[in-house]
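Before any comments, here is the structure.
The values are calculated or read from the model by the stated rules, or taken from the named source; none is laboratory data. Just so it is clear, the model here is predicted, and its values are computed rather than measured. A quick note on method: Cβ atoms are made from the backbone with ideal geometry, for glycine too, and the neighbour counts reach across all protein chains shown. Only protein heavy atoms, including side chains, enter the accessible area calculation; ligands, DNA and RNA are left aside. Shrake-Rupley method; radii C 1.70, N 1.55, O 1.52, S 1.80 Å.
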Amino acid sequence: TVPDAVLDVGRTVHGRVVAEDGKTGVPGQEVALLEVFDLETRWRRRPHTVTTGADGHFQFDHVANRGQFLRVDAKAQGTVLHGLEPDEVSVQLRLVPVAELEGFVTEGARVPLAGVNLEVRCEGGFKVDARTDAMGHYSVRVPANRPCFMHAEASPLNVMPRPLPPRVFFSPRRIHLAPASHHRLDFEPRHGPAHLQVSVRASREFVTAFVLPGDVPWPGSPEALDALIRAGFEPEPWSHSWVSEDGDSIVVPSFMSGARFDFRTLPLGHYTLFIREEEQGLDEDAFVPIRANAY
């Protein structure tokens, strides 16, 4: 015998999304209501969303009486993240203007690297993408007033013509930009003699791995773990490649090669390896101190 389950009707939350001036309503904008543990997670659970009306007003019904977040990503107009308190029933969400970031991705500050994919990951689950042009130039609008990390990846699957050029790897760069500001940030590949290979007895479908420089303590909260994931060095996006008899470059992406992770061109020093398994809505994490030695 178990007790009856009684549904809590929750509360109604009224709100309005306004522009930077704090007065002008922003119509037709999606507002997401997220649980704290889903704030930086993509695709695990679909958030509850509503769309603002003609004057920027919105309403959520049956909101649970616990702390949650309201998030708005209005792209070029700005972003806002609001911690919704358990007893809060009325809010005004004021958009923070984005910052402009541009620069060049080059080898040795001379050779432009075209087709490099760039991803900016910011606190609160905000993400934006860009790609370098033929001159190695990129331009991207970045959420302002929040810590972000910029990751660059030169995948051979996007490089033409064949044969493939030498592999290059990048280290993440931390950025924290003021609203409506303009900055330049140039990228160059990292160079180091160390190569870390990690093999996990699990499916690559559910396991990820990343490393951070130094002896990193175990994160004391899910938010701290999210911050480490944003900052972590990622493994190379491919594991095996070779040249066929016809001279074509053959590439086997990493997701087809099992739970093996390769971290290349690492400078010598101390690192901390994090391994994360996500399956059926649950996380299991492990970390291992690593001393990176030469080949």
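Each principal axis of the range 65-192 carries a Cα extent, and these read 60, 27, 26 Å when sorted largest first. With Cβ to Cβ distances under 14 Å as the rule, what net charge do the other residues near Val72 carry (K, R +1; D, E -1)? Taking every other residue near Val72 into account, the sum is +2. Once backbone amide H atoms are built at 1.01 Å from N, His183 has Glu100, Leu101, Glu102 as its partners under 5 Å, excluding neighbours fewer than 5 places away on the same chain.
The residues packed around Pro86, meaning those with a beta-carbon under 10 Å from its beta-carbon, carry a net charge of -1 if Lys and Arg are +1 and Asp and Glu are -1. Computed from the C-beta positions of Arg66 and Arg201, the FRET efficiency with R₀ = 35 Å rounds to 0.40. Oblate is the label for the range 1-114, because the ratio a/c of its alpha-carbon gyration tensor axes (a ≥ b ≥ c) is 1.5 or higher and a/b is not greater than b/c.
The loop-placed chymotrypsin sites (Phe, Trp or Tyr not before Pro) in the range 1-106, going by DSSP, that have at most 15 neighbouring Cβ atoms within 10 Å of their Cβ come out as Trp43. Given R₀ = 41 Å, FRET efficiency for Ala224-Thr1 by Cβ-Cβ distance, to 0.05? That gives a FRET efficiency of 0.50. Segment Asn117..Ala178, full-extension length gain: 19.6 nm, with 0.36 nm per residue of separation and the alpha-carbon distance subtracted. Most tightly packed first, judged by the mean number of other beta-carbon atoms within 10 Å of their residues, the peptides 81-88, 168-175 read 168-175, 81-88. Residues of the range 95-114 with the amide nitrogen closer than 15 Å to a label point 7 Å from the Cα of Ala76, along Cα-to-Cβ, please. Under 15 Å, as judged by backbone N against the label point of Ala76, lie 97-101 of the range 95-114. Largest accessible area first, the residues Thr12, Thr79 order themselves as Thr12, Thr79 under a 1.4 Å probe with ligands, DNA and RNA left out.
Here the label points at Glu107 and Lys127, each 7 Å from Cα along the C-beta direction, are separated by 2.8 nm in the simple model.
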